[in-house]
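Q: Have a look at the structure that comes next, please.
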Amino acid sequence: MIHKILKYFTASLALASAFVFCFLVGKTGYNQFQINQTTEEYNLTKTIKELHYTTILSQQLLTDQTWQTRSNVLQVTAQHDADYTANQLLKIMLTYDDSSSYNIRKEKAKNYAEQSILSNPDFFDNDKQKDGSHLINAKRLHSKFLNTTASIDFVNNNLCNVLIRSTSKHWTGTQSAKKLVVLYAGTYNLTTQKFQQLNIRKIYHVGSNH
């Protein structure tokens, strides 16, 4: 991931986000309208699911339909746990100000992610180079987590697919920060209370954020 970040920040900041987007997902040209439209659709879907689960749960608690009640309690619990875990994991991934804080992220994330994610260089790599230098310090790269929202699919065998939307800002040195919105697709394990799969689906460049 360090190499992707460096490519993002060593180009002109006006063109950098488009380069990163092209590098990761092979597309450019997403405008603010599309970002808003995607966000609205995502939030609407999440709200509908939450209302659906809450309504069914309330009805079944009243009628004492035991199996369905247990099923929906599990669904609501999974939504809460996946949302919390996604927030903790992305907060760790997207927060650093120097090489030390960048390289310690993997250790901090062990409570929230399985090894398949921890060993993925797109998320947790080491910035130390062969000559002993550290790229994060050399390039003065910074990242700050802002927020996440998560929406789950139906739970099956204590696993559920999760769509995560994160917002963060990134900058180099004293230059203006750029805000990024990233969509991830992942799989959450209710037994371990960790994500066992995570993939970047889309990256949107929102603009400057002072």
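None of the figures in this text is laboratory data; all of them are computed from the coordinates on show. Not measured: the values here are computed from a predicted model. Quick reminder, even Gly has a Cβ in these numbers, built from the backbone with ideal geometry, and neighbours come from all protein chains shown.
Q: Would you tally the net charge around Asp97, using a Cβ to Cβ cut-off of less than 10 Å, leaving Asp97 out, and scoring K and R as +1, D and E as -1? If you can, show how the numbers build up before the last one.
A: On the way: positive: Arg140, Lys144; negative: Asp98.
Charge balance in the 10 Å sphere: +1.
Q: How much length, in nm to one decimal, is gained on full extension between Lys128 and Asn156, taken as 0.36 nm per residue of separation minus their Cα-Cα distance? Mind showing how you got there, number by number?
A: On the way: separation 28, 0.36 × 28 = 10.08 nm, distance 4.07 nm.
Gain on stretching Lys128 to Asn156: 6.0 nm.
Q: Ok, one more. Output the pairs from Lys139/Lys179; Lys91/Lys178; Lys91/Lys130; Lys178/Lys202; Lys108/Lys169; Lys106/Lys178 with a Cα-Cα distance over 27 Å in this structure; if there are none, say none.
A: Working: Lys139/Lys179 18 Å; Lys91/Lys178 17 Å; Lys91/Lys130 29 Å; Lys178/Lys202 16 Å; Lys108/Lys169 20 Å; Lys106/Lys178 24 Å.
Among Lys139/Lys179; Lys91/Lys178; Lys91/Lys130; Lys178/Lys202; Lys108/Lys169; Lys106/Lys178, the Cα-Cα distance tops 27 Å for Lys91/Lys130.
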